[in-house]
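Peer 1: So that we are looking at the same thing, I have put the structure below in structure tokens.
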Amino acid sequence: MLTRGVVGSVLVLVGGLVVSTLPHSTPILDLEPLAALRSHVSGRMFGLALVLAGLGLLAAAWLSICRDVARAGESGQIEALALVRRATVLWSLPLLPAPPLFSRDGWSYAAQGMLTHFGISPYDWGPGILRGPIVEAVDPRWMSTPAPYGPLPLIFGDIGAGVTGNPWLLVVGHRMVALIGLVLLAWAVPRMARWTGANPALAAGTALASPLMMANGVGGLHNDLLMVGLMAAALVAAAEHHWVLGSVLGGLAAAVKLPGGLVCVAVVLVSLPVGALLVDRLRRLALVAVLSVGTLVGVGLMWGLGVGWIGALGVPASLNTVLSAPTLVGVALDGIFGAFGAGFAPNLFVTVVRNLALAAMLVLLGWIALRGRTGDKGEGVRELSLIMGAMLVLSPVVHIWYLLWVMPFLASLRLSRTASMAVVTVSVLAGLVAPLDSSLHGAYLVIVMGAMTVAVLALILLLTRHGRERIRHIAEADLIKIP
């Protein structure tokens with residue numbers, strides 16, 4: 001199992017060198033075989049096939065490990081957890097030196113860190129004012145836009161830019177920072193699973209080593225992995241140590257990406273005694289808000305970045321994504337009324353539906369904060385899963401890696417067999433479809449062929465008799481409570 005996953009990761013690395021965007025001046029492009037593969041559609045299809053085959057091997061190995069740890073009883077949890085963590089490390093190692101896979105965001109991170117190092121605020125300027133290799137692989141659509149992230153990734157980028165100007169090395173540095181989130185999840189997820197009575201080893205396996213995590217968290221090196229790791233650590237710290245520590249960690253999560261601050265609602269709930277009065281809730285909410293917002297703002301002020309991220313929050317929403325439900329509904333309504341010549345302003349309904357979704361999210365947060373059960377750690381995980389799941393559904397922009405926001409918390413719950421099977425299925429498919437996004441630069445033939453390959457791999461992994469048996473064993477594991 002472990003070897004199969006390592007081979008899969010190596011194939012993803014090799015194929016990723018063919019299909020991923022690289023700086024034009026990078027020395028590796030001087031290798032004639034690689035340059036030849038990258039310059040022809042057939043060569044890129046071959047690279048994509050390698051990537052998909054690697055992801056398929058990773059998925060098969062992951063399903064096997066989950067099946068094995070699902071069978072581990074209480075006495076075998078230590079060995080099962082060790083197996084999961086060993087698999088996570090071994091499968092991640094081949095991806096460490098890879099370029100940003102399946103997304104070009106990593107190159108933007110490197111350029112934004114360089115701006116910070118030069119004393120230029122990434123909240124006021126886009127990477128386009130830089131010259132040289134550092135911007136050669138940045139997505140053109142983000143060249144003139146400010147950074148929509150909190151100050152923490154920019155600080156790490158500043159530190160890295162002080163060591164090297166090589167964009168590839170900077171990207172690897174950002175991946176190492178993202179893996180801090182993976183380490184935090186490895187510490188927090190088994191603890192959250194014990195609170196809910198779930199299988200800790202299976203929860204860790206589902207959250208840490210899945211195709212979703214390997215492709216989008218490790219390979220994609222998105223800031224979302226660090227954010228969700230800090231969120232999980234904040235919840236555990238608040239429940240097992242002190243709400244002050246949880247509040248600070250929640251502020252740091254928001255300092256990566258603002259949705260990370262939503263964990264503070266759960267921090268309040270798990271840190272209050274059972275049956276806390278409304279006045280106690282309000283007091284704790286105010287104190288947690290002061291500490292977390294103070295941490296978020298303080299980090300930016302300390303490094304001279306200020307709070308410029310506030311003005312850049314709308315940058316991601318400038319792009320319509322097909323995974324965002326409010327955007328899809330709004331686009332459909334704009335199209336329908338436009339076809340009838342209603343004369344409304346362009347994108348009117350997109351804006352209206354997005355605002356309504358935001359209002360619904362605020363109402364849900366208020367309801368959970370004021371009515372959610374207090375003093376129950378397991379309930380805190382469930383409430384946080386609900387919050388992040390709702391955020392995923394109601395967000396104006398959603399990418400496939402946003403599933404990282406909710407999967408570690410869902411994995412920590414005792415779910416029904418149907419829900420467990422859904423989590424496993426989504427974790428596999430979200431990994432397999434990762435290469436089929438904008439990183440292929442409009443290579444529609446490659447995308448179509450890749451989609452067909454994903455469909456075949458999914459059928460093999462999930463719908464064959466052997467595949468169904470593996471998923472059934474995994475899904476039924478949480479039907480037995482482990483204290």
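The values are calculated or read from the model by the stated rules, or taken from the named source; none is laboratory data. Keep in mind that this is a model prediction, so the values were computed, not measured. We place every Cβ from the backbone using ideal geometry, glycine too, and count neighbours over all the protein chains shown. Side chains are part of the model used for accessible areas, which takes the heavy atoms of the whole protein and leaves out ligands, DNA and RNA. Shrake-Rupley method; radii C 1.70, N 1.55, O 1.52, S 1.80 Å.
Peer 1: With respect to the numbered conditions (1) open to solvent by 40 Å² or more (accessible area, probe 1.4 Å); (2) farther than 14 Å from G150 by Cβ, which one is the sole condition not fulfilled by T327?
Peer 2: Here T327 meets the rest and fails (1).
Peer 1: Name the single residue that is most open to solvent (accessible area, probe 1.4 Å) among those in region 414-435 being in a loop (DSSP other than H, G, I, E, B) and not polar (S, T, N, Q). Can you show your working first?
Peer 2: Going through region 414-435, the residues in a loop (DSSP other than H, G, I, E, B) turn out to be 414-416, 433.
Filter once more, keeping what is not polar (S, T, N, Q): 414-415, 433.
Details: R414: 93, L415: 36, V433: 55 Å².
By that ranking, first place goes to R414.
Peer 1: Condition check: buried (at least 19 other Cβ atoms within 10 Å of the Cβ), in contact (Cβ under 8 Å) with a residue 24 or more places away in the chain, under 19 Å from L386 (Cβ atoms) and more than 19 Å from the chain's Cα centre (by Cα). Does A253 satisfy that?
Peer 2: It is false that A253 is buried (at least 19 other Cβ atoms within 10 Å of the Cβ), in contact (Cβ under 8 Å) with a residue 24 or more places away in the chain, under 19 Å from L386 (Cβ atoms) and more than 19 Å from the chain's Cα centre (by Cα).
Peer 1: Pick out the one residue from S64, S42 that is surrounded by fewer than 23 Cβ atoms within 10 Å (Cβ to Cβ) and more than 30 Å from P200 (Cα to Cα).
Peer 2: S42
Peer 1: Check V293, V297 and return the single one that is in contact (Cβ under 8 Å) with a residue 12 or more places away in the chain, buried (at least 16 other Cβ atoms within 10 Å of the Cβ) and in a helix (DSSP H, G or I).
Peer 2: The unique qualifying residue is V293.
Peer 1: Can you work out which of the residues in region 93-108 that are under 10 Å from V171 (Cα atoms) and not acidic (D, E) is surrounded by the fewest Cβ atoms within 10 Å (Cβ to Cβ)?
Peer 2: P97
Peer 1: Out of all the residues in region 7-20, is one or more farther than 30 Å from R85 by Cα and buried (at least 19 other Cβ atoms within 10 Å of the Cβ)? Write out each step before concluding.
Peer 2: Residues of region 7-20 farther than 30 Å from R85 by Cα: none.
The answer is no, given that none of the residues of region 7-20 is farther than 30 Å from R85 by Cα and buried (at least 19 other Cβ atoms within 10 Å of the Cβ).
Peer 1: Further, regarding this structure: Inside region 308-330, can you point out the residues that are touching a His at 6+ places or on another chain (Cβ under 8 Å) and of a type outside the set (A, V, I, L, M, F, W, C)?
Peer 2: The one that is touching a His at 6+ places or on another chain (Cβ under 8 Å) and of a type outside the set (A, V, I, L, M, F, W, C): T321.
Peer 1: Another question, if that's okay. Pairs please, first residue from region 118-133 and of a type in the set (A, V, I, L, M), second anywhere and open to solvent by 70 Å² or more (accessible area, probe 1.4 Å) and part of a helix (DSSP H, G or I), Cβ atoms under 8 Å, 6+ apart in sequence or on different chains.
Peer 2: Close Cβ pairs satisfying both conditions: I120/I129.
Peer 1: Can you find, within region 197-208, the residue that is nearest to L404 (Cα to Cα) among those that are buried (at least 20 other Cβ atoms within 10 Å of the Cβ) and of a type outside the set (A, V, I, L, M)?
Peer 2: The residue in question is T206.
Peer 1: Look at region 136-155 and say how many of its residues are crowded, with 24+ Cβ neighbours inside 10 Å and outside any loop (DSSP other than H, G, I, E, B).
Peer 2: 4
Peer 1: I'm trying to understand the selection: among the residues of region 156-184, which are farther than 29 Å from A209 by Cβ and open to solvent by less than 20 Å² (accessible area, probe 1.4 Å)?
Peer 2: A161
Peer 1: Could you please give the count of residues in region 339-359 that are open to solvent by 70 Å² or more (accessible area, probe 1.4 Å) and part of a loop (DSSP other than H, G, I, E, B)?
Peer 2: If we filter region 339-359 for residues that are open to solvent by 70 Å² or more (accessible area, probe 1.4 Å), which is where we start, we get 339-340, 343-344, 346-347, 351, 355-356, 358.
Those left that are additionally part of a loop (DSSP other than H, G, I, E, B): 340, 343-344, 346-347.
Qualifying residue count, region 339-359: 5.
Peer 1: OK, next. Residue by residue through region 184-217, note down the ones that are outside any helix (DSSP H, G or I) and on the phi < 0 side of the Ramachandran plot.
Peer 2: A198, N199, A209, S210
Peer 1: Also, quick follow-up: Quick one: count up the residues across region 376-408 that are more than 15 Å from the chain's Cα centre (by Cα) and in contact (Cβ under 8 Å) with a residue 60 or more places away in the chain.
Peer 2: Qualifying residue count for the region: 12.
Peer 1: Moving on to the next point. Any residue in region 109-121 that is surrounded by 23 or more Cβ atoms within 10 Å (Cβ to Cβ), part of a loop (DSSP other than H, G, I, E, B) and among the aromatic types (F, W, Y)? Talk me through it step by step, then tell me what you get.
Peer 2: Residues of region 109-121 surrounded by 23 or more Cβ atoms within 10 Å (Cβ to Cβ): 109-116.
Then drop every residue that is not part of a loop (DSSP other than H, G, I, E, B), which leaves none.
Among the residues of region 109-121, not one is surrounded by 23 or more Cβ atoms within 10 Å (Cβ to Cβ), part of a loop (DSSP other than H, G, I, E, B) and among the aromatic types (F, W, Y), which makes the answer no.
Peer 1: So D334 passes all but one of these: (1) modelled with pLDDT under 95; (2) open to solvent by 40 Å² or more (accessible area, probe 1.4 Å). Which condition number does it fail?
Peer 2: Every condition holds for D334 apart from (2).
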